[in-house]
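Here is the structure we will look at, set down as C-alpha cells.
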C-alpha cells in the first residue's frame with residue numbers, strides 16, 4: 001500500500017487534473033509544503049490552509065487570496081488512501097467555480113495511485129521465482145513454456161479434473177451462441193459467486 005507520494009507521482013497527478021479542469025493545481029504534503037504544482041513558482045512554498053486541511057481532515061474553501069500564508073483563493077481537500085492521509089489537493093480559483101471539480105480531482109488521484117500500486121505489484125511478481133499452483137496440473141505446462149525462468153510447484157501431483165479436460169473453445173463457443181447447457185443455482189449462491197468476479201473486473 002502506498003503511504004507516501006513521490007514528487008514524480010504528485011506532479012503527474014496535478015498535471016492530469018489540470019488537463020481536465022484547466023485550473024492550477026497544488027499537491028500539498030501533510031506538513032503544508034507544496035511538493036508539486038502546475039505553477040512551478042509555488043513548489044517548495046508553505047501553504048497555511050493546506051496544512052490546516054491536513055490537520056483537521058476537512059475540505060477548506062478560501063474565498064480571497066493572501067489572507068493566509070502562501071494561500072490563494074480556491075478549495076483544499078485532504079486526500080486519503082486506505083484511511084491514511086497522503087496529502088491535500090488544492091484547486092486555485094473561485095470556490096464557486098472550482099467546487100464542482102473537487103470529487104473529480106479526488107477520483108483522478110485515487111486512480112493514479114491505484115495504477116502505481118498495481119505497477120509495484122506487477123514488478124514484485126516479476127521478481128518472484130517460485131509459484132505454488134493449486135489448480136489443474138495441466139496448466140503448469142503452459143506456465144512453464146511462457147515463463148522458463150520460473151518454477152511452478154503443484155499443491156498435489158495428481159490435481160487433475162476430468163471435467164475440465166472435456167471443455168474446448170469450440171464447445172464454449174457453441175454453448176454461448178445457442179445459449180444451451182444453462183447451469184441454475186440458488187440466488188444466494190449466485191450472489192456469493194458473483195462477488196469475487198465483480199472484484200476482479202474492477203481491477204484494470
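The values are calculated or read from the model by the stated rules, or taken from the named source; none is laboratory data. Because the structure is predicted, anything quoted here is derived from the model rather than measured. FYI the Cβ positions are ideal-geometry reconstructions off the backbone, even for glycines, and counts take in every protein chain you see.
Among the conditions (1) under 35 Å from the mean Cα position of the chain (by Cα); (2) within 23 Å of residue 139 (Cβ to Cβ), the only one that residue 195 does not satisfy is (2).
Residue 114 meets each of the listed conditions (1) farther than 24 Å from residue 202 by Cα; (2) surrounded by fewer than 18 Cβ atoms within 10 Å (Cβ to Cβ); (3) modelled with pLDDT under 95; (4) touching a strand residue (DSSP E or B) at 6+ places or on another chain (Cβ under 9 Å) apart from (1).
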